[in-house]
Structure formats: C-alpha cells, structure tokens
Amino acid sequence: MKKFNIRKVLDGLTAASSSSSATAQPGTPRETDVIQETLQSEHFQLCKTVRHGFPHHPSSMAFDPVQKILAVGTQTGALRLFGRAGVECYCQHESGAAVIQLQFLINEGALVSALADDSIHLWNLRQKIPAILHSLKFSRERITYCHLPFQSKWLYVGTERGNIHIVNVESFTLSGYVIMWNKAIELSTKTHPGPVVHISDNPMDEGKLLIGFECGVVVLWDLKCKKADYRYSYDEAIHSVAWHHEGKQFVCSHSDGTLTTWNVRVPAKATQIITPHGKQPKDGKKPEPCKPILKVEYKTTRAGDPFMVLSGGLSYDTVGRRACLTVMHGKSTAVLEMDYPIVDFLTLCETPYPNDFQEPYAVVVLLEKDLVVIDLGQIGYPIFENPYPLTIHESPVTCCEYFADCPDEIIPALYSVGSRQKRQGYSKKEWPISGGNWGQGTQSYPEIIITGHADGTIKFWDASALMLQVLYKLKTAKVFERARGKEDKSSTEIVEEDPFAIQTMSWCPESRMLCVAGVSAHVIIYRFSKQEVTTEVVQLLEVRMQCEFSNGDSPDTGGEKTPTLPTPGASSSPQESEPPTQPSTGSNSTDGPRDNIPCLQVRSSPLKQSPGYQVELVIQLVWVSGEPPQPITSLAINSSYGLVVFGNTNGLAVVDYLQKTLLLNMGTTELCSPSDPYPRQPRSPRKPRQPSGAPCDTNDGSNTSEDRCKSPTSAKMSRRISSSSEQKTDLEKRFQRRCVTFKKRFCCVKEDKAAARMSKNGPISRTESAPNFYAKDNSFTRSRSSSVTSIDRESREAISSFHFCESFPRKVDSLVSPCLLVGTTQGSVMMVALSLPPGGDQRLQQPVGISSCGTMVRLKGGILTMALLDATGTLLPPSYEPWYDSNASEEEKEKSRKRRPASPPSSQDGQDSQFAVLCSEKQAKVVAMPSQTRIYKHSITESSFVLRADVVQMSGANCITCFCANGHIMALSLPSLRPLLDVNYLPLTDMRIARTFCFSNVGQALYLTSPTEIQRITYSQETCDNLQEMLSELFTPVETPEAPNRGFFKGLFGGGAQSLDREDLFGETAAGKASRSLAQHIPGPGSMEGMKGAASGVVGDLARARIALDERGQKLGELEERTAAMMASADSFSKHAHDMMLKYKDKKWYQL
C-alpha cells in the first residue's frame, strides 16, 4: 500500500513516479494529512465478459430440440448461442471465415461448425466458455453441405466437386469410405452434376442416403452396397430437399419457384409439381417461373394435415415486395411478410426422431437484422415476444453511456413506465428456446446502459448481472413537427438524414433528470414523472450563438481587458426590434438569408406525455446571418442547481431550466481573465466578404437591469421564450460575442467585482457570422454552410467537457461555492463561479449570478474529463436534488423535494483541501485547490491520443481509466497518477468504437463492437476471478426422449425403421484410411492435445485437471449407463432362467 504526505509533496521533498512531477505550492496542510492509495496493479485485469445484441451479418443457424439451445453463425466467424432469457454466449473462430453451416450433436453438449475456408470444428458446449475440441481443414476440396444424423458419430461432408466424405466426430478423422460423384450419377451423363447441396438419410432406413446435386439430380445411395438405388432428375436446379417422416416421399425446391414431390420407388417422374406463388394459366400451360424457393421443410402431424414451410418463390412481378415466409397447411396458404431478407429458418418439432410424426409447433426465422419465432399452433400465426436484447440496432446507435452502481429504485421505476410501452398481439405461449441456466454471480449492484439512436430515440437497458433487458424507450422526435415528404422538408435543417439523431446525453440517476443534445443543434431537458400529462404548449428557448473576429483581425488578448459579464445593476431598455437580415453565403435561398431560425420546428399542437420522461424545456440554436448553428460538442446538467450548460465551437451557454432563462452566452476567449497566463492560439484571419445586399445596419438601444433580470413567470405560457440583443463594448467589435435575439431578454449574470462595467448605451454590433467549424468528426453532421480551410477548422477552440462542482472559484477564496469547470479542445480548463439564490420560491424568482474566473490550468490536447477529490482522496460527486414527481400532489412534493446538502470541507488558514483531477487527450494533471498549484502530472501517450477518459470508483478507491486510439486501455491511481494498468486491447478500426466506448464504476466498460452488438469488458481482477460463476450454463443434463414405438405388426413384418451399424461400414477396419493430403487434423485449444501444447504452469495444470475431470465424469456417466443396461440384461436373463427351471422342474430325463 503506497502512502504519501501532501506536505512533502508540496514542498518538493519527495518525487513522484518516473512519469509524474511534483511542484511546491503555497500553504501546507497538517502533517497528519496522509492519503493512502489502496489500488495496486494486482487489482486490475482486462477481459471480455459478455456480448449483447443481434449477431452481425448472420449466415447460418441450428437448434438442439432436446437442450432447447439455438446457435447462430455469422459471416465473420462468430458464434452466438441462445437459451432462455438471459442465457447467451459468444464464441469466435480464429480464422474469421464465414460460418456456412451448423450441426448440433443433439443432447450431447457439442456443436459442429463448417466454415467458408473449408474447415470443420467441434465445439464443446459443456463448459461455460465453449472451446474447440477438434478441427479438420480440407485442402483439396471445398465444403458445401454437412449432415449429422441423430445419435450418430459419423458426419457426412459434401463438397463442391460432388463427392461426399465421412468424418468421425469423436476423433475428427476421415473415413476411407468416400462417395464419388461419378459413381453416384448415371454413367451416360456427360456433364458434372455440380456441388452437393443436400445430404440426408432415409428416416426409415439409415442405410439409404439421399444426395442432392445442384444441377437437379437427386440420388438415393445404398451405403452397404455402395451403389445408387434410384436417381431422380428435374430440369431446374435444386436448392433444398425435405423428407416425409415415413421415408416414402420427399420434396425438392427448385430455382424456378416450383416444388416437386417424389415417390422413392418411382424415380421416372415427380408425383406432384406445384408453383406456390405462380399464376395458373387457364389453358393448362406451365405456370410462369417465379423466384427460387431457397428452402423447404416438410413436417407431419398425427391429427391433421402436414405443414410445408418455405422461403422465397415469389413471382417476379412483385417488385419491391418484402421477403416472405410461406406456410402451407392443408388447403390454406399463409404468406408472412418479414421486415428484412431471410437468411435461414428452422421448424421446431416435438420430437428429435426423424422417423416419427414431427408435430411442428414453431418456426424460427433468422433475418438479416432480426430473429423472429412464429407460433404454428395459433390461428393467424402470431409471433412470440422475443426476450433477447436484439433491438439495439433498431435505429443506428449514435452514442452510449454506462452507469454502474445506480440507485436501487431507478430500475423498478423505469420498468414500471416501460412495461406500458410493450406491443400487443404476441403469442400467449412461453418462449420455445428455453435451454440453459443462469449464472450464480454475486454482483448485485444495479447497472444501466443508455443508448442514443439516429432516429432520436433513447433506450434505457437493465444491464445488471451480465444480462441486458430493455426497460424504457423515449422518442425525442415527438417534440418536433415531422416532414411528411421530401418536398415538405425544411430548408433550415443542417443534416440531410436523421435530423433528430442524438449527439450526446447527460443523465443524473439520483434526480432522474435527463438532458439530450441532437445533431440539429437542439437540447431537450426531460423530467421523470409517473403521471400522464398533456402539455398544451412546449416551452421553447431559442439561443443565438455567434463568435466572429473582425475582418482581417486575429485574436490577441495581450494587454487588453476581456469583456466582463453585465451586472444586474446596469440600466438599459429592452430592444424590441428584430435584427436586420443579411444575405447568406452559406446557402442560397429565394427568401433571403436565414437568420434567427431554428433547424427544427417545435410542434404547436398539444403534446400528450405518457408516464416516464416528459419534456421540461426545449433549447434550439438558431441560424445567424445565413450560417447554420454549430453542432453541440459538450453537455451537462445539474439538478441541485437547476442548470444546464452546453457548448460548441462558438462557446458555451448556461440555461436555468427552472426559470426557463438564458444566463450566460459567451465565447471561449471571453471566459479568460485579463491576466490569463495561457494565450489563445490565433486563428487565421478571415477574408472580407462582399455581400450582395445592403451593408449591415446598427441599431442603438439599451437594456434596463429590471428587464435583464426579469423573472419569466409572466411568460411561462408563451411558447417561445425570447430575448433582445446584448449591448456590446468596443472590444466586442473585435471579438463578436454570442448574442440571443428574441422579443424579450431574460438574462441575469453576476459581475466580477474586479471587472469594468459594460457601457450602458453602447451600440449593438452585428458582424458577419463565422463559417462552420467542427470540433469532432461526426458522421451525422453534414452542414450546408460554406467550406472553410483546414487551418480554421483545427485552430478553433471548442468546448469539450463540463463539470459541476462545489469548489474554490479563485485562489484567494477560503470557502467552497457552486462552480462550473469548463474544458476546451486546446487543453484550457476554466472556472466559472455560480451564485444561487435560496431554495423554494426564491429560487424561482431571484436570478442566478454567474462570474468567469479565468483559466485555471492548461494541458496538452483537448480536455476529456474533470473531477474533484477532497483532502483524503475521496471523490466529490456533483451535488444533486433527490427525485420528486413534479406532477404529484403538493404534499408529496414537499416531502421529497429537499436539496442534498453540499458538504465539501472548507479551506482554512490557506491550506489546500481539494484536488482537481484533469485528463486530456495527452496527459493528466492533479491540481491543488484553491491554490491552483500542480501537484502531479503524467504523460499518458505521445504517439497516440486518448479517446475516452473517466474518473471511476473501484474496490473502494478512485482511478482514471483511459482508452487510447492505439488500442491501449490504461488506469492511473489518484491522486499520484501511478500507472496501474496498460493493456494493448483493441486497436481503433472504426469510429463507432470511439463514439461508444465508455467506462463505468466497479471495473466495467463497454463499446459497440459492431452496428448491432454491445461488447462488455471488465478491468477488475475480482470480476475476472468470478467470471466463471457469473456466466450462464448452456448445457444442462436432460434425458433424451424415448424412440417411437415400432408397433407389433411393424416389428413382426419389418416395416419399422432400419438401423445401420455405421462403425462396420466407415471404420478403419472396413473402409481403410483416408488420404492424408485430403484434410489436416488440428487439435483444438479445448482438447487435451491442444491444452498440452498451449497451457503451462499452474494455470495449465488446473485447466488440464478440469478437462480430465470433465472427461472422467463423462466416462463415469457412460459407465453408469452401461452398468444399468447390464443390470437390466441380467434381470431379464434371470427371469428367463427361472421360467425355464419351472418348465422342466418336474419332468424326467426321458420326457425332455
């Protein structure tokens, strides 16, 4: 355990780690003030935990009808296994080749996968993290189709050349028995039959194998005689084949949309040819060809007509029609439209035996972006309600936040309001994929994931205990008017697609306040309520953010005073006139330049708001002199202060959402004090523009302090809360300040005593607006403004982060007060002091004061995160107001509405009692407060940059976690910034990862690994140690159903199913050895051979012991079954012997 003394650190008597530096500061704490850092490197370990969401680019599917487990393979070599709700598993083939087919060893806890790189793999599903036991890589032939009969250990592998090889799945060795294509087809055939597209054995005779070739030829092969019994030929290519359970008929689907039914003993001609979706001509001619039927399944029932389920086969004239699944039952044909193209489907049946009545009860349909299960037992074929979190990608995810260790009551509250949003009309039956068991994890803290989407929706997910379940869905687009068509689309929108997309979010779990920012430069504040309300008028605040330098000028702060914030005492009169318009150069419009116009139109009709999150206030940035508003880059909300702050490349704005007023609207440069030691980087001067219209006018006007500080209560029923132009000093002619121009101005700010007062009657300066700059690359931001140079784009200082806190605004302060830390993309950290009126009615009537305290410190790279620690190293979270229902009765409001008392320690005798933790894209610093002296500094990376950083709590202590663009995940101790973790985990290959990666408390993190999947990871050693217990189990011991009864007459006359001793046919003794050059056997990491080669040391010994124990348990189980069989045989023999003894007991020898 490392200890350090603040006094020694500040006096420079001790040195930090090699990458840290300590500097002295005035004012030393007591000698007894010692911070103990409990976090050590052994507390950290990085590993993946679980993956949620829909498998990206699915390619194949399989189902175990006894274990009730579904497996899905993807085009990237991934395997996703699903059981009951909450039972999920993810595996990955190392090669990354597409999974073309999956086959379960039914009720054996194993799975065979065939890949596009001509390899087959055997997966062991009896362990919580499945592993490959064996692999076989074909080198001379390409795999096209595989078939594993029920309760067989011999796998049939069809190839592109038309041959069929046989693999022993126990040893994963090839048999010498091979079915060659030239022996299967007729010798008179001159052309190659094409690849093998189907293999299946006759349900009633295991010795007869049905082989389908692509050209349209089907062969019934006799395995014992090694010859073809029958050959069936059709003119069109075959896609799939399905047996009737009695083994007397089979159905083929073809490329012309037809289904042919064949009698096994009548190969000359199909007994029936139908085109399910073809138009039948009246003259008896052949129906018009349709699209190929890609798959057909033929399932029988005891009490009724059989089911025939098929995909594809629609007529060619149905252009634009969605993919369909057709269910034919008796004389009825149901066509079920799907939202996405069909990848594969499976019919779920009551029995795993192919020679019994199948009794189908559901169809699992794997779509390109969804998984649908259809109930065949109810009229209308309703779908089952899917319990898996497969709707993450319902609209593309644009941002993501992760909250661990949330308040206990937040998940039940969200679930109660979200349960009312569920759709109706689902099947009333239980979800049929019900295998596996949940993990026995000890983690009990609530976890919530919030995802923002491109269509403006926000989803809350319960992520506790390594599961994921949607709790509540919020549609932010309901606040705005929607364009009915492209012709109705507003010309003021700054994005061509997805104008409601969520850009960033800020959520307070304790108060349940939610603030979201969208790509159309809008901010919406939501309050949680359990009551349904109808909002007659949506509260709207429009903000005019603008920052422009004079033509030919570049910023120069040296020697000049920065503009001060107006004081409530300044007298002026409201400016009622609207600002003059100016020709637009950003986009052409026949109606003149766009000015004071928001990008989206807030709905004017009453808004019915269901229980849950309800709109409190909408804030919109408006166009300025033909230039669109800049995207919002940072956002924060504080429920205790009742404030929302947001920023972009133009600066920041602070809004009081309780009084619905704008408090502050200023540029980044104006936040700096006159004695700022960190000069701003000058921007390249902008060339003067020659507007085509009249020159810009100036209007004289003044604002009185009464109007500037006026409470908005008189205008609360007004839809648009507006304000007039601010007064400008001469200095502001060079640094054009953001202004908010509306009919009325509700703004009150606190004046810094050391600053000069603003001129009372200064002219209002309006200059041409700045070009469109971007702080971050965002795929959802496509502006219509004029192009700018890359130098302008990079040098513009944007707001990158905020942090509300209770600290010391200035070096000379001895008492803490509400503050706002502001970080920029150029590494500046600035402090803004907040002066809040008392609570209750005074908070709603008296103005909030704001004062800029200048730049506190400067770091390399943009600021990513900020936090405060007290003198003991404990994290000081922002104060919050406990949640109360604003729509409840007044008595309930008063009971619950109590502001949380802020209790940070005050500074006495000039001693530093707080630490400000600051992390940028390049480095981290710890600064003592209030002296603002740097205590520790750590260079995180030189060659790369940090994408995401958070101050998190883990194992009762705090640390900084970072994710770099080079793929490294790092952790630094606090406050000494010692490196605790540095793992090269995930190189940045997609901006989606950078946009969605986020850390949380208790060692958790996540990111979107694909557009449809969330990957959760942990950096906690404790979680990694307990991961095996927390993960769900796929395999559970289940007895295999009894085989169907053959019946007396079938047993007597041989009409039942014929068994086959495949060992005698395919074993090495009878068939010989296969060619070594045909395929290579590769021991998997999950097998004993692979484990011996890969594992070493104690971990390897433990793993080997565990696998040996599993194998021993399996062998003991087999031995127990054999013993039981032997006992049954012995009992039978004893009974027969006793009967024999009684029969001949009293007979003489000559009577025998």
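Here is how the numbers come out for the structure above:
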quantity	calculated
Condition met for L155 (in contact with a His (Cβ under 8 Å, 6 or more places away or on another chain), of a type in the set (A, V, I, L, M, F, W, C) and crowded, with 18+ Cβ neighbours inside 10 Å)	yes
Residue in the stretch 272-280 that is without any contact (Cβ under 8 Å) to a residue 24 or more places away in the chain, assigned to a loop (DSSP other than H, G, I, E, B) and over 30 Å from L220 (Cβ atoms) present	yes
Helices (runs of 4 or more DSSP H) contained entirely in the stretch 969-1053, each with at least 3 residues that are touching an Asp or Glu at 6+ places or on another chain (Cβ under 7 Å) and open to solvent by less than 10 Å² (accessible area, probe 1.4 Å)	none
Hits in the stretch 438-484 - residues which are in a loop (DSSP other than H, G, I, E, B), under 30 Å from E350 (Cα atoms) and under 15 Å from the mean Cα position of the chain (by Cα)	M467, L468
F63 being modelled with pLDDT of 50 or more, within 23 Å of Y1007 (Cα to Cα) and among the aromatic types (F, W, Y)	no
Those residues of the stretch 110-127 which are out of contact with any Lys or Arg (no Cβ under 6 Å at 6 or more places or on another chain), part of a strand (DSSP E or B) and not aromatic (F, W, Y), in sequence order	A110, L111, V112, S113, A114, L115, I120, H121, L122, N124
Verdict on K331 being among the basic types (K, R) and crowded, with 18+ Cβ neighbours inside 10 Å	no
Positions within the stretch 168-224 being within 45 Å of the chain's Cα centre (by Cα), under 24 Å from A1079 (Cβ atoms) and not in a strand (DSSP E or B), in sequence order	V169, E170, S171, F172, G194, P195, E214
Single residue of V99, V112 found to be at pLDDT 95 or above and under 26 Å from P1037 (Cβ atoms)	V112
Subset of the stretch 934-954 [more than 26 Å from the chain's Cα centre (by Cα) and part of a strand (DSSP E or B)]	R934, I935, Y936, K937, H938, S939
Counted residues, the stretch 225-239 - those being part of a loop (DSSP other than H, G, I, E, B) and within 17 Å of Y156 (Cα to Cα)	1
Matching option when the condition is within 26 Å of D1061 (Cα to Cα), aliphatic (A, V, I, L, M) and touching a strand residue (DSSP E or B) at 6+ places or on another chain (Cβ under 6 Å), among L105, L136	L136
Conditions (1) of a type in the set (A, V, I, L, M, F, W, C); (2) surrounded by fewer than 20 Cβ atoms within 10 Å (Cβ to Cβ); (3) out of contact with any Cys (no Cβ under 8 Å at 6 or more places or on another chain): number failed by I935	(2)
Pairs with Cβ under 9 Å, 6+ apart, first in the stretch 1067-1079 and in contact (Cβ under 8 Å) with a residue 40 or more places away in the chain and over 17 Å from I164 (Cβ atoms), second basic (K, R) and not in a helix (DSSP H, G or I)	S1077/R140
Given (1) open to solvent by less than 10 Å² (accessible area, probe 1.4 Å); (2) not in a loop (DSSP other than H, G, I, E, B), number of the condition I637 does not satisfy	(1)
Wholly enclosed helices (runs of 4 or more DSSP H) of the stretch 1058-1097 bearing at least 2 residues surrounded by fewer than 16 Cβ atoms within 10 Å (Cβ to Cβ) and modelled with pLDDT of 60 or more	1062-1066, 1068-1071
Some residue of the stretch 1103-1110 being open to solvent by less than 60 Å² (accessible area, probe 1.4 Å) and modelled with pLDDT of 75 or more	no
Residue in the stretch 391-409 that is at pLDDT 95 or above and closer than 30 Å to S152 by Cβ present	no
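A quick yes/no check of all residues on (1) at pLDDT 95 or above; (2) closer than 18 Å to S200 by Cα:
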| position | (1), (2) |
| --- | --- |
| G247 | no, yes |
| T260 | yes, yes |
| I273 | no, no |
| P276 | no, no |
| G284 | no, no |
| K291 | no, no |
| L294 | yes, yes |
| D317 | no, no |
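Each row is one residue, and each column tells you yes or no for (1) open to solvent by 60 Å² or more (accessible area, probe 1.4 Å); (2) closer than 30 Å to G109 by Cβ; (3) touching a Leu at 6+ places or on another chain (Cβ under 6 Å).
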position	(1), (2), (3)
E160	yes, no, no
K183	yes, no, no
T191	yes, no, no
V218	no, no, no
Y232	no, no, no
G247	no, yes, no
F250	no, no, no
L259	no, no, no
I274	no, no, yes
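Here is a yes/no grid of residues against (1) touching a residue at least 24 places away in the same chain (Cβ under 8 Å); (2) open to solvent by 30 Å² or more (accessible area, probe 1.4 Å); (3) not in a strand (DSSP E or B):
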residue: Q36; (1), (2), (3): yes, yes, no
residue: T49; (1), (2), (3): yes, no, no
residue: P55; (1), (2), (3): yes, no, yes
residue: A62; (1), (2), (3): yes, no, no
residue: G73; (1), (2), (3): yes, no, no
residue: L81; (1), (2), (3): yes, no, no
residue: L102; (1), (2), (3): yes, no, no
residue: E108; (1), (2), (3): no, yes, yes
residue: I129; (1), (2), (3): yes, yes, yes
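The values are calculated or read from the model by the stated rules, or taken from the named source; none is laboratory data. In this text the structure is predicted, and so the values were computed from the model without any measurement. Every residue, glycine among them, receives a Cβ derived from its backbone with ideal geometry; neighbour counts consider all protein chains shown. The protein model used for the area step is the full one, side chains on, heavy atoms only, and it has no ligands, DNA or RNA in it. Shrake-Rupley method; radii C 1.70, N 1.55, O 1.52, S 1.80 Å.
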